[in-house]
Amino acid sequence: MDTKKLNLYMSILKIGLVAIGVILCLFIIGGPNMESTLEAQETFRESSGMGLATSFTGFIIFASVGLILLFFVVQLITNPKKTVMSIIGLLVALVLYLIFLMIGTSDTNESLALLEDVQVAQGTIVSSSAGLYTVITGVIVALLVVALGPLLGRYRK
């Protein structure tokens, strides 16, 4: 297939998916809010607009996971060394997240100064903290690689 046609088809697909997503989001935004009656909220939950938005979101997530797996398989076949290094990087990030998750955090609803109506479970606080610590560690390591990379290149010579 011609590259120009492929790019055109992919652009049409992207624009179409975004347009559908925006229209379905407008259905949700136009629905009742938390100040509405309980009956109106339950009616909206059972409506076709909410069902379409939920189904579309599930489809996008399912398709994304499938495309990611397909990408890794194709990359593993065409460029195995770099792909294995990428997979190892993902596994290192997962292990780091799990370590931070097991360590836990001393934060609570009170120490975070959350409002009375915005209380969350302790597990949510722990997993959010573990994710933040993992991202911060990744950013610090990336900055160190950028800063020290040229120096290590000169040192090897």
| message | Among the residues that make up segment 56-77, is at least one of them aliphatic (A, V, I, L, M), under 22 Å from the mean Cα position of the chain (by Cα), surrounded by 13 or more Cβ atoms within 10 Å (Cβ to Cβ) and not assigned by TED's automatic domain parsing to the domain that holds Asp117? | response | yes
| request: Name the residue, out of Ile88, Ile23, that is among the aliphatic types (A, V, I, L, M) and more than 29 Å from Ser128 (Cβ to Cβ). | output: Ile23
| task | Pull up segment 81-109, narrow it to residues that are among the small types (Gly, Ala, Ser) and within 18 Å of Gly123 (Cα to Cα), then point me to the one that is surrounded by the fewest Cβ atoms within 10 Å (Cβ to Cβ). | result | Ser106
| request: Name every residue in segment 23-44 that is free of Cβ contacts under 8 Å to residues at least 12 places away in the same chain, surrounded by 10 or more Cβ atoms within 10 Å (Cβ to Cβ) and under 23 Å from the mean Cα position of the chain (by Cα), in order of residue number. | output: Ile23, Leu26
| task | Might you check whether a residue that is without any contact (Cβ under 8 Å) to a residue 60 or more places away in the chain and outside any helix (DSSP H, G or I) occurs anywhere in segment 136-155? | result | no
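The values are calculated or read from the model by the stated rules, or taken from the named source; none is laboratory data. Being a predicted model, the structure only gives us computed values, none of them experimental. Backbone-built Cβ (ideal geometry, glycine too); neighbour counts: all protein chains shown.
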